[in-house]
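> I have a structure I would like to understand better, so I am pasting it below and will then ask my questions one at a time.
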Amino acid sequence: MKTRQKILDTAEEIIGEKGYFEASIVEITVKAGVAQGTFYNYFPTKKSVYDELVYQLSSNFRHQIKLAMEGKTTFEEKQRAGFLAFFEWVINHRNFYSIVQQSVLVDKNLYRWYYEKIADGFIKSIEEAVDSHECKALTPETIAYCLMGIGQFIGMRWVFWEERLVPDEVLDEVMEVIFNGLKRQEVK
């Protein structure tokens, strides 16, 4: 199992840096220190290692978010913890952004699966918040995709481009926009 994971970790690095179409099995095996035959014992094709990367990375980060949200009592606390856990996880998996974005060209069904899995978690959380009157009764799927967009681009701006954790004041403003909106409060 260590060899399989070593291949996956190396593929994450190489595909994330070079791109799916430029990365090669030879390059992955050389950098991982395994024979090409060993690669094929675990993965029949480059596409199969790529698919496994997307599935594994998606599962890992969703699990981290779930753990971060445990013990939080309000919808807002859960969302803040979830966003922060996502940003922290991506710090250690910067190539993740590149790999996922490439999937729109590599396999549109995989790309869609990835985002639908994330949406499922958001939808469940939003439905619970609506039921407990912590959230407006808007369409959960619409809100889920809006929240995903916020997380995606804030993470890209700070974690992917700047290679640092999202600053606290930025996360505070994200939560302000999500929970209080952009409309100014009129003074009476």
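The values are calculated or read from the model by the stated rules, or taken from the named source; none is laboratory data. It should be emphasised that the depicted structure is a prediction, and the values quoted were computed from it without experimental measurement. Note: ideal-geometry Cβ built from the backbone for every residue, glycine included; neighbour counts use all protein chains shown. These area figures cover heavy atoms from the full protein model, side chains too; ligands, DNA and RNA do not enter into them. Shrake-Rupley method; radii C 1.70, N 1.55, O 1.52, S 1.80 Å.
> How much accessible area per residue does the chain have, counting only protein heavy atoms and a probe of 1.4 Å, in square angstrom?
59 Å²
> Across the range 64-188, how many lysine pairs, 8 or more apart or on two chains, come within less than 23 Å at their alpha-carbon atoms?
Count of close lysine pairs: 14.
> I've got another one for you. Among the helices of the chain (complete DSSP H runs), which have Cα atoms covering no less than 27 Å along the helix axis and a Kyte-Doolittle mean of at least 0.5?
Membrane-span-like by this rule: not one helix.
> So what are the three principal axis dimensions of the range 39-188 from its Cα atoms, in whole Å, longest to shortest?
Reported extents, whole Å, longest axis first: 69, 34, 30.
> Which of Q64, Q36, Q152 moves most in a GNM of the chain, Cα contacts under 10 Å?
Q36
> If you bin every alpha carbon distance in the range 90-133 into 5 Å steps from zero, what whole percent lands in each bin?
Going from the shortest bin to the longest, the percentages are 5, 20, 18, 18, 16, 11, 9, 4, 0.
> Also, I was wondering about something else. How high is the relative contact order of the chain, in percent, with contacts defined as C-alpha pairs under 8 Å that are six or more residues apart?
Averaging sequence separation for qualifying contacts and normalising by length gives 21 percent for the chain.
> Taking a temperature of 20 °C and a viscosity of 1.002 mPa s, what whole-number D in µm²/s does Stokes-Einstein yield for the range 1-115 with Rh from Kirkwood over alpha carbon pairs?
Calculated translational D: 142 µm²/s.
> Would you please name the GluC sites (Glu not before Pro) within the range 1-58 that are DSSP coil residues with at most 12 other C-beta atoms within 10 Å of their C-beta?
E22
> Something else now. Taking 8 Å as the Cα distance limit and 6 or more residues as the minimum spacing, I'd like the relative contact order of the range 1-94 as a percentage.
The normalised contact order for the range 1-94 reaches 22 percent.
> Taking the range 116-188 on its own, what percent of its Cα-Cα pair distances exceed 15 Å? Display every interim value, and only then the final one.
Values: 1658 of 2628 pairs.
Everything past 15 Å amounts to 63 percent.
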